[in-house]
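No lab work stands behind these numbers, since they all come straight from the coordinates. Quick caveat: nothing in here was measured; it's all calculated off a predicted structure. We place every Cβ from the backbone using ideal geometry, glycine too, and count neighbours over all the protein chains shown.
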Amino acid sequence: MSTYLVSGGAGYIGSHVAAALLDGGHRVVVVDNLQQGHAEAVPEGAEFVRADVGDAAAMDAVFASWGFQGVIHLAALSVVGDSMRDPLHYIAKNVGNTMTLARAAMRGGCSRFVLSSTAAVYGDPACAPITEDEPTAPASAYGASKLMAEQGLAWASELHGLRWASLRYFNAAGADPAGQRGEDHAPETHLIPLAIDAALGRRAPLTVFGDDYPTPDGTCLRDYVHVTDLADAHLRVLGLLAEGTGRSFNLGNGRGFSVKEVIGAVAEVTGCPVPHRLGVRRPGDPPALVAASDRLRAATGWRPRFGALHAMVETAYRWRLKNPEGYAGTRHVPPPPAQRDTAGALQLDSAELSG
Ligand code: UFG
């Protein structure tokens, strides 16, 4: 049994990663400041420390309290549009906090570090599917911040022996098949939950951001990857880092679905039409983002189990039906934040990050 730190483990992807680690028989310590995450999303069985990963003293205390075999760092600001309104804030937080956490990990004797990264590092790529050899050219401050964080870790690897890898997520989607955890963002900006809520009449009609892209039906193509498959990839990469250092890996299914196809799938799964109207293009949206994940497959044996769009929509729908108010309506409330005499600082909630 190993012990892993999951930053942002109260968020959408982080909570699935934490649950997968627990299912794999490991101990998990979730660090999250709950600015965007939900205490109720922290899986039962995980230790929970409410703290900000940018707080070096608090992170030192966390590393002093547990001996970690690895860190999975997901806590970050991740709304592309926000990053274009305040780029320096995004870069300061996402880069600075990654470096703070990595330095605390190295001081704490932990040499395995997995970064949650993004397809946004490629910007508007010339080809699809995209391999890791595609030049990185972020089109948003968010994408740039993740690329800079990757570069910082590469330096730590070269100069200090940190074993690191980054997983460049394409479009995380779906919810755990048991319906215990799922997507609950405020505000919600992602296509599938918005389309489901529009179908259920829980929000205004969906706006399709442009239908004049150079794609088969004119709407953007995205590579949706089920969050359970995404979580599985993290465990596999941790295993890889036990053997040596890693690199950046694309994480997607290799198949693009258009906005119109997603709307069709939501209508089929819910049995309700998805009220929608055509709007203008959203600034910064590339026409197509589809992953070539061959590097990850070859290195770790990763294969998607829920690659079908219907499986993603179905599990997201199930979560929504079971939790119409998101985590606000759930009954499971985890114990209060850890109170350790080594560090009053563990209870700090000083900045804006969360997974
Ligand atoms: N879309 C709409 N209407 C909406 C919301 C989305 O038409 O109301 C469209 C978007 O234009 C896009 C597609 O649906 O073509 C998917 O949009 P999402 O907002 O769900 O996801 P993105 O592709 O914009 O972004 C996601 C993550 C980012 C990450 C990016 C990398 O949210 O953090 O994938 O591929 F950077």
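Structure above, values below:
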{"item": "Local electrostatic count, Gly179, Cβ distance below 10 Å [Lys/Arg +1, Asp/Glu -1]", "result": "+3"}
{"item": "Residues Arg107 and Leu200, FRET efficiency given R0 of 45 Å [Cβ-Cβ distance, rounded to 0.05]", "result": "0.40"}
{"item": "Where labels lie 7 Å past Cα in the beta-carbon direction, separation of Arg277 and His310 in nm", "result": "3.2 nm"}
{"item": "Whichever lysines have a C-alpha closer than 27 Å to that of Lys322, once near sequence neighbours (fewer than 8 apart) are set aside", "result": "Lys260"}
{"item": "For the chain: rounded, prolate or oblate by the Cα gyration tensor [a/c cutoff 1.5]", "result": "prolate"}
{"item": "Beta bridges by DSSP in the chain, antiparallel share as percent, to the nearest 5", "result": "5 percent"}
{"item": "Mean residue ellipticity (222 nm) of the chain, computed from DSSP H runs ≥ 4 via -39,500 (n - 2.57), nearest 500", "result": "-11500 deg cm²/dmol"}
{"item": "Packing-based ranking, highest mean first, of 278-286, 12-20, 142-150 given that Cβ atoms within 10 Å are counted", "result": "12-20, 142-150, 278-286"}
{"item": "Cα-based shape type of region 239-333, given that a ≥ b ≥ c are square roots of the gyration tensor eigenvalues and the cut on a/c is 1.5", "result": "oblate"}
{"item": "Inter-probe distance in nm under a simple model that places probes 7 Å from Cα toward Cβ, at Ala328 and Val79", "result": "1.5 nm"}
{"item": "Rounded tilt (10° steps) of 141-160 against the dominant C-alpha axis of the chain", "result": "30 degrees"}
{"item": "Linear extension gain, Asp217 paired with Trp155, 0.36 nm per residue minus alpha-carbon span", "result": "18.0 nm"}
{"item": "Nearest-0.05 FRET efficiency for Ala178 and Arg247, computed from C-beta distance (R0 51 Å)", "result": "0.95"}
{"item": "Degrees between helix 227-243 axis and first principal axis of the chain (Cα, 0 to 90, nearest 10)", "result": "40 degrees"}
{"item": "Sites Ala137 and Leu321, calculated FRET efficiency, Cβ-Cβ separation with R0 45 Å, nearest 0.05", "result": "0.65"}
{"item": "Calculated from backbone phi, Karplus (6.51, -1.76, 1.60) coupling profile of region 249-266 in Hz, x at Gly/Pro", "result": "10, 6, 10, x, 8, x, 9, x, 10, 7, 4, 5, 5, 5, 4, x, 5, 5"}
{"item": "Counted charge near Asn253, where neighbours are those whose Cβ lies closer than 9 Å (Asp, Glu -1; Lys, Arg +1)", "result": "-1"}
{"item": "In Hz, Karplus ³J(HN,Hα) per residue of region 31-41 (6.51, -1.76, 1.60; θ = phi - 60°; x = Gly, Pro)", "result": "10, 7, 8, 6, 5, 10, x, 10, 4, 5, 7"}
{"item": "Residues of type lysines that Lys146 reaches as a straight line, Cα spacing below 20 Å, ignoring anything fewer than 8 places off in the same chain", "result": "Lys93"}
{"item": "Length added when fully stretched, Ala186-Arg297, from 0.36 nm per residue minus Cα-Cα", "result": "36.6 nm"}
